[in-house]
Amino acid sequence: MLVNWWKNGLQLKLQMRIYPDGLLLAALYALACLAARQISVDQFNLLAGLRIAALLLFPTRLWPYLILGEYAHLAQVRYPLVEKYGMAWAIISSALLMPTVALIVRLHRNLLPEAPGARLLLLAATTSIAAALINIGTAQLLWPVASSIPLPTRAAHQILGNFIGILTMAPLALLWLQRQRQRPNQTPRLPIATTGLLLLMLALGLSAIHLPAAYEGLRPSLQLMMALPAIVLTCLYGWRGAALGVPLLNLVVGLTMPTTGRAWSFDAETFTVQLILAVAGSALLALGSTISHYYHRYRTRDLHSRQVISLTKTSHLTGENDLRHRALEINRIGDGIDAYLSETADWLKRQGHGEIASSLIRTSSLYSLKFREQASMVYPTALEHVGLYLALQVGGISEAWSSTGSIAQPRLVGDPCRLTVPLQLATYRTLTEAVSLLLQNESSQIRVNARCGRAGGRDGIVVVVALLDPHHRLSEATRTLAIDRLSGRALAYGGTVQCRHNRIRMVLMDSPVVQRSVTGYSTDHTAPPPFR
């Protein structure tokens, strides 16, 4: 029966069900509030941060239990003050505080994940002012004796104290929620750099506590120096770094105040430091949120660009594979034609027509050569066996270039067989396209230079298609066409296309890890990092 009550709760007549785990949450929250009150003052109010953190961490269905725990805590704290300040103040002030804060958090909660820094600052400012207005307003209206502290001073202390308390607790709650959403089954681990910077902040805070009396004036300086590790954390990790650094910064400064835990106490020297750190903490949270925002935008764009490059490379490889099969089929057809013509020539010889047979053989040999040259321009099958350079020198493209009379002997350096077949194919297509483009749009002689090598742990090739006349600059139309028509394959292989003066320079790089094959293609489509 006890187990059923724990699971199903207690049904009331008002269509309400009270669950024991909710009552346990209310009790734990009340105890946490009592503990936070022991180390809080007006200018450093951890209670305000605890309220916001609890409302952020727990779903709205558990908020009534948090409000119940808040009422239990305030009843225990304010009941002894009833005779001095009146029952009306104790009830009204207690009844308004937590529901008002919960309403404000509810209005901001859905917007916090989009921009945690800016939204959190707005939430902290709104809640700080609202809580201070409730506390000070009910005191001014309901206390039988007015406070001796001026109203503006009390308002400034409470608003700053609430604001610092929220910046101490709420960023950690948001950071926990973000980690749970992204890695629900993993235990958070702090990097070594983060741990070192946090320990440095603690060391500076402890040094400020244990300063000798002769160096007491250095305490504010050490407290302000604690902001330096927080700045480094923000620059390194964006919002996450600020969400760790700013709370620790505020917590250490607040706990090292000599008046911590005394009701309505005030430390003027620490107040100035806290005011500076509140501004600095706000700036760091906003900066960290901005850094994280643009970092995620960069990561998203980088991921999209990698996907586009991968799809482009896959499309090129698919097209080349189709051309390869087409070229092989053309060669098989050519072999069949050659065999048929050879049989016909033999038959003619047996019939006594030797001259006709010889003429047929010469003609068939000539056209068979041209046929195979054209087939090699569809797909350079020789490239798979002898490499890029020999494919350029013995294939149909070499005869096509020679027939133009406008292309000098290529200068080819290095071993292209170190490169993958897909990269050699991409270089072959890019190079032939560049030469064709210059032949169509420029009138000068052309030279082709290529060099294979290794840079940054990756194999690659640099190809330069230049005009022999150094004073003949490429036209603007040629440059535009070159960038438009040649960049696709170059970018797919981590390279670049540059048009300078009288030449087109192209760089293509292999991926860091590739599967090398003679007759197949690389199956690794991971986009390489940019070539430098």
Cβ-placed point charges (K, R +1; D, E -1), dipole of the chain about Cα centre in debye, nearest 20: 720 debye
Estimated FRET transfer efficiency when R0 is 60 angstrom, pair Ile92-Val308 (beta carbons, to 0.05): 0.45
Heavy atoms of Tyr367: accessible area, 1.4 Å probe, square angstrom to 10: 140 Å²
Residue-normalised accessible area of the chain, given per residue in Å² at a 1.4 Å probe: 53 Å²
The chain - percent of accessible surface contributed by carbon and sulfur, probe 1.4 Å: 62 percent
Peptides ranked, highest mean first, by Cβ atoms within 10 Å: ranges 294-302, 325-333, 431-439, 84-92: 431-439, 84-92, 325-333, 294-302
Computed [θ] at 222 nm, deg cm²/dmol, the chain (DSSP H ≥ 4; -39,500 (n - 2.57); rounded to nearest 500): -23000 deg cm²/dmol
Leu236-Ala35 pseudo-label distance in nm [points 7 Å out on the Cα-to-Cβ vector]: 2.8 nm
Label point at Ser315 placed 7 Å out along Cα→Cβ; residues across region 456-478 whose backbone nitrogen lies under 18 Å: none
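The values are calculated or read from the model by the stated rules, or taken from the named source; none is laboratory data. What you are looking at is a predicted structure, and each value in this text was computed from that prediction instead of being measured. Please note: Cβ atoms are built from the backbone with ideal geometry, for glycine as well, and neighbour counts cover all protein chains shown. With ligands, DNA and RNA removed, areas are computed over all heavy atoms of the protein, side chains included. Shrake-Rupley method; radii C 1.70, N 1.55, O 1.52, S 1.80 Å.
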